[in-house]
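To start, the structure itself, in structure tokens.
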Amino acid sequence: MNSRPQHKFILRMRVDATSYEHTARRIVNWARSRESRYVCLANVHMVMESYDDPAFRRIVNDADLVTPDGMPLVWCLRLLGISRATRVCGPELTPFVCARAAEERIPVGFYGGHPQVLDRLANNLQKRFPNLDIAYSWSPPFRPLAHAEDNLAVQMINESGARILFVGLGCPKQERWMNEHKGVVQAVMLGVGAAFDFVAGTKRQAPKFVRQAGLEWLFRLLTEPRRLWRRYLLHNPRFLALFAYQLLTNRSAKRTRESR
């Protein structure tokens with residue numbers, strides 16, 4: 001389980017071809033071994049953040065696993081040659097991993113989100129998985145933590161015994177936090193973004209057919225236009241143009257090699 005799965009680079013950011021079962025199995029194995037790891041769940045927004053910021057791209061590429069959270073990245077992997085690529089998204093991976101953690105008696109924790117969301121999240125998950133041990137839950141303030149505050153948070157996480165820590169700070173903040181705390185937080189950290197709200201039921205998730213069609217971004221834009229318009233209306237067209245260029249360049253290079 002130490003070797004990385006098959007992967008491709010989408011605009012120079014690594015995305016792994018994995019599945020819910022494979023991802024959960026790796027996370028549980030790392031947690032059993034008390035390893036400090038971090039997992040990124042990638043969508044178009046993350047790709048564009050990494051394209052614009054090489055330092056952030058290094059953070060994502062250094063992750064122990066980078067799953068294709070959005071359908072557009074699944075299609076990109078398929079176009080780049082991984083025909084069996086499938087989606088692994090935060091709102092579905094969270095309960096999937098919690099189910100495995102409950103079976104294995106592995107304590108979990110939650111870092112991020114609003115206090116009311118965390119309460120509802122814990123209630124919903126424990127109704128579904130009565131054996132789930134939620135050892136830690138904290139909503140940090142919406143500001144950078146002072147050094148002493150951060151040290152105390154790390155101490156509380158580690159003393160709680162949580163071996164899997166779901167991090168819901170949003171991209172790119174959660175990926176930077178996980179990278180900074182690898183080797184310090186003694187747990188497998190999963191950057192699941194808005195999954196806290198969806199699993200808690202405080203935000204409505206797009207219907208399944210909308211998600212499968214790759215239009216979840218449009219559903220979210222319509223439900224939260226003031227917060228998300230810049231992300232989707234600026235990033236998505238750039239992503240399409242840049243990936244089309246990558247695809248054409250790759251195919252041109254392949255034809256050149258084959259003609260020699």
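Of the residues VAL66, VAL97, which single one is among the aliphatic types (A, V, I, L, M), in the same structural domain as VAL192 (by TED's automatic domain parsing) and under 21 Å from GLU216 (Cα atoms)? Even if it seems obvious, please write down each step before you answer.
Working: VAL97 fails: under 21 Å from GLU216 (Cα atoms).
Among VAL66, VAL97, only VAL66 is among the aliphatic types (A, V, I, L, M), in the same structural domain as VAL192 (by TED's automatic domain parsing) and under 21 Å from GLU216 (Cα atoms).
Sort through LEU65, LEU73, LEU79, LEU41 and tell me the only one that's surrounded by fewer than 23 Cβ atoms within 10 Å (Cβ to Cβ) and either touching a residue at least 24 places away in the same chain (Cβ under 8 Å) or under 17 Å from the mean Cα position of the chain (by Cα) (or both). Talk me through it step by step, then tell me what you get.
Numbers: LEU65 fails: surrounded by fewer than 23 Cβ atoms within 10 Å (Cβ to Cβ); LEU73 fails: surrounded by fewer than 23 Cβ atoms within 10 Å (Cβ to Cβ); LEU41 fails: surrounded by fewer than 23 Cβ atoms within 10 Å (Cβ to Cβ).
Only one candidate qualifies: LEU79.
Pick out the one residue from ALA24, ALA55, ALA31 that is surrounded by fewer than 18 Cβ atoms within 10 Å (Cβ to Cβ) and small (Gly, Ala, Ser).
ALA55
Considering every residue within the range 9-21, establish whether at least one is of a type in the set (A, V, I, L, M, F, W, C) and at pLDDT below 95.
no
Considering only the range 140-180, state which residues are of a type in the set (Lys, Arg) and surrounded by fewer than 22 Cβ atoms within 10 Å (Cβ to Cβ).
ARG143, LYS173, ARG176
For the range 154-176, which positions are farther than 16 Å from PRO107 by Cβ, outside any loop (DSSP other than H, G, I, E, B) and touching a residue at least 40 places away in the same chain (Cβ under 8 Å)?
Selection gives GLY168, GLN174, GLU175, ARG176.
The values are calculated or read from the model by the stated rules, or taken from the named source; none is laboratory data. As the structure is a prediction and not an experimental result, all values here were calculated from the model. Positions of Cβ are backbone-derived with ideal geometry, glycine not excepted, and every protein chain shown enters the neighbour counts.
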